[in-house]
1. Would you please list the contacts, defined by Cβ atoms under 8 Å and residues six or more apart or on different chains, that run from a residue in the range 265-281 that is in contact (Cβ under 8 Å) with a residue 24 or more places away in the chain and closer than 16 Å to Lys292 by Cβ to a residue that is more than 10 Å from the ligand (Cβ to nearest atom) and assigned to a loop (DSSP other than H, G, I, E, B)?
2. So Ile385 clears everything in (1) open to solvent by less than 10 Å² (accessible area, probe 1.4 Å); (2) not in a strand (DSSP E or B) except one condition, right? Which one?
3. Between a first residue in the range 482-511 that is over 23 Å from Gly407 (Cβ atoms) and in contact (Cβ under 8 Å) with a residue 12 or more places away in the chain and a second residue that is of a type in the set (Ser, Thr, Tyr) and open to solvent by 20 Å² or more (accessible area, probe 1.4 Å), which pairs have beta carbons less than 7 Å apart while being 6 or more apart in sequence or on different chains?
4. Looking at Leu240, Leu271, Leu258, Leu254, which is the one that is open to solvent by less than 10 Å² (accessible area, probe 1.4 Å) and either assigned to a loop (DSSP other than H, G, I, E, B) or away from the ligand (no atom under 16 Å from the Cβ) (or both)?
5. Scanning the range 110-120 for residues that are closer than 24 Å to Tyr206 by Cβ and under 22 Å from the mean Cα position of the chain (by Cα), which turns out most open to solvent (accessible area, probe 1.4 Å)?
6. Here's a check for you: in the range 399-413, which residue that is in contact (Cβ under 8 Å) with a residue 24 or more places away in the chain and over 19 Å from the mean Cα position of the chain (by Cα) is farthest from the ligand (Cβ to nearest atom)?
7. Would you be able to say whether some residue in the range 165-173 is over 18 Å from Tyr396 (Cα atoms), surrounded by fewer than 17 Cβ atoms within 10 Å (Cβ to Cβ), hydroxyl-bearing (Ser, Thr, Tyr) and in contact (Cβ under 8 Å) with a residue 12 or more places away in the chain?
8. Do we have Ala34 as part of a helix (DSSP H, G or I) and either in contact with a His (Cβ under 8 Å, 6 or more places away or on another chain) or under 17 Å from Cys104 (Cβ atoms) (or both) here?
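The values are calculated or read from the model by the stated rules, or taken from the named source; none is laboratory data. It should be emphasised that the depicted structure is a prediction, and the values quoted were computed from it without experimental measurement. Quick reminder, even Gly has a Cβ in these numbers, built from the backbone with ideal geometry, and neighbours come from all protein chains shown. Accessible surface is based on the protein model in full, side chains and every heavy atom, while ligands, DNA and RNA are left aside. Shrake-Rupley method; radii C 1.70, N 1.55, O 1.52, S 1.80 Å.
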Amino acid sequence: NSEKIIAEFETHLAKNNLQNEVKVVKTGCFGLCAKGPIIVVYPEGAMYTMVTVEDVKEITEEHLLKGRIVKRLLHNDTHEDGTSKSLENVDFFSRQMRIALRNCGVINPEDITEYIAYDGYKALGKVLTELKPEEVIDIIKRSGLRGRGGGGFPTGLKWEFAAKQPGGQKYVCCNADEGDPGAFMDRSVLEGDPHSVIEAMAIAGYAIGADQGYVYIRAEYPIAVKRLQIAIEQAKEYGLLGKNIFGTDFSFDLEIRLGAGAFVCGEETALMTSIEGHRGEPRPRPPFPAVKGLWGKPTILNNVETYANIPQIILKGPEWFASIGTEKSKGTKVFAVGGKINNTGLVEIPMGTTLREVIYDIGGGIPNGKKFKAAQTGGPSGGCIPASHLDTPIDYDSLIQLGSMMGSGGLIIMDEDNCMVDIAKFFLEFTVDESCGKCPPCRIGTKRMLEILERITEGKGEEGDIEKLELLAKNIKASALCGLGQTAPNPILSTLRYFKDEYIAHVKDKK
Ligand code: SF4
């Protein structure tokens with residue numbers, strides 16, 4: 001649809017002799033998915049939402065030709081006089097802080113010059129010409145950046161482990177195998193700002209002494225793959241990838257590897273096994289990838305969002321980044337907000353923002369006047385947070401205390417009509433399907449849990465089923481080989497913790 005709208009604009013601009021005065025820029029996603037397609041007209045910053053091909057003629061003739069804003073298409077966040085607020089003042093955006101998403105919806109991701117115009121590759125230039133590798137690592141450590149893929153491991157520490165390994169071949173990897181149901185943060189960054197990841201991976205390569213990187217991305221993201229490929233080629237043309245970058249003796253090359261859609265390949269050791277060309281199964285740790293990763297060589301693996309923060313940290317300094325967020329969780333986090341919420345989309349908030357702010361102030365609340373029941377964070381590895389914890393500041397540690405986890409950033413909102421046992425079953429079905437089968441606790445245990453849940457939801461639950469479910473969940477958590485199995489019981493444990501009455505009602509009432 002957006003492509004058709006762009007073509008229609010070009011036709012109408014030509015018809016009205018505006019083609020030399022107005023430039024149509026195709027950007028990545030703005031984040032406000034519920035209201036797309038979105039067009040922002042500068043310099044006014046008028047934000048038109050849910051635009052159709054038929055609307056283009058009016059926008060061209062009224063706004064672009066006569067300077068009259070088309071009020072009926074304006075995003076409803078307007079000033080009293082009816083004019084649109086600039087993007088930073090629209091409620092959906094004003095409470096956000098866009099670091100990882102800074103260029104999404106702003107630049108044309110297929111044009112490297114636009115990224116460069118927004119300070120792109122300046123951080124790489126600074127690193128290569130002014131800083132020693134250990135100084136780069138020190139900056140990342142002092143920033144407090146932790147992995148945005150789920151685990152929350154300190155990024156600088158990971159880089160330091162790899163840098164300290166004896167010389168020789170080392171690798172930098174990017175995990176873009178985003179597979180959680182409801183999560184699309186990494187996809188948006190790659191579709192909207194692929195150079196930020198390329199630049200960060202080159203910086204990581206310099207910091208640890210690697211000259212080769214791989215982006216492992218799921219094949220189900222064709223636009224992200226295409227834009228990343230274009231970005232890599234343009235970076236090579238501009239001498240920002242390849243040999244002697246910025247005239248230094250640092251060389252770094254980058255290749256894409258496509259994932260075939262197995263959720264377990266998002267687990268770091270399985271991902272590397274898959275890049276090596278084998279079946280994507282996890283390996284026991286230690287040894288950790290920083291010591292023995294790809295082809296047995298020291299390797300760092302970070303996810304897309306983690307990398308997207310790096311250039312800004314280098315340019316603005318670790319103190320700036322560390323001043324955002326909470327004591328142990330610095331910076332911002334991107335969430336893909338979906339489910340029973342008005343403004344579905346992508347939001348980036350400072351760590352420490354409460355769930356209430358995300359759901360009501362940014363998300364616009366629950367549709368149809370329904371009551372909020374729970375928020376599910378962390379996808380199939382996470383848990384459900386009930387209304388009594390709406391005012392908890394979101395950070396790594398507070399979510400774990402609540403029995404959930406940050407995960408990569410999926411945030412699914414449930415209202416009073418959702419059955420929490422069904423929600424737990426939905427996520428468990430997903431993990432049963434995605435278990436690689438290597439270890440029995442996950443291969444067999446998750447199936448047994450699902451059988452019990454199916455009995456309960458079909459009204460055939462028996463006395464003792466809930467206790468059995470809880471016991472199995474705890475044992476699988478303690479004994480599964482990789483993160484997929486260790487966290488698979490979380491949706492069950494957290495719904496048992498906050499919504500046990502719903503399980504009991506199913507068993508008692510046989511419904
Ligand atoms: Fe495979 Fe599950 Fe064991 Fe992980 S926990 S290795 S996904 S069977």
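1. From the range 265-281, the pairs are Glu268/Pro289; Thr269/Arg285; Thr269/Pro289; Leu271/Asp177; Met272/Pro289; Met272/Gly293.
2. For Ile385, the failing item is (2).
3. Close Cβ pairs (under 7 Å, with a partner that is of a type in the set (Ser, Thr, Tyr) and open to solvent by 20 Å² or more (accessible area, probe 1.4 Å)) amount to His506/Thr457.
4. On the way: Leu240 fails: open to solvent by less than 10 Å² (accessible area, probe 1.4 Å); Leu271 fails: either assigned to a loop (DSSP other than H, G, I, E, B) or away from the ligand (no atom under 16 Å from the Cβ) (or both); Leu258 fails: open to solvent by less than 10 Å² (accessible area, probe 1.4 Å).
Only one candidate passes the filter, namely Leu254.
5. Tyr118
6. Our first condition is that a residue be in contact (Cβ under 8 Å) with a residue 24 or more places away in the chain; within the range 399-413, this holds for 402-413.
Then drop every residue that is not over 19 Å from the mean Cα position of the chain (by Cα), which leaves 402-403.
Details: Leu402: 23, Gly403: 20 Å.
My answer is Leu402.
7. Of all residues in the range 165-173, those over 18 Å from Tyr396 (Cα atoms) come to 165-173.
With the extra rule that they be surrounded by fewer than 17 Cβ atoms within 10 Å (Cβ to Cβ), the set shrinks to 166-169.
With hydroxyl-bearing (Ser, Thr, Tyr) added as a condition, the list becomes none.
No, the conditions are met nowhere in the range 165-173.
8. Numbers: part of a helix (DSSP H, G or I): yes; either in contact with a His (Cβ under 8 Å, 6 or more places away or on another chain) or under 17 Å from Cys104 (Cβ atoms) (or both): yes.
Taking the combined requirement at face value, the residue satisfies it.
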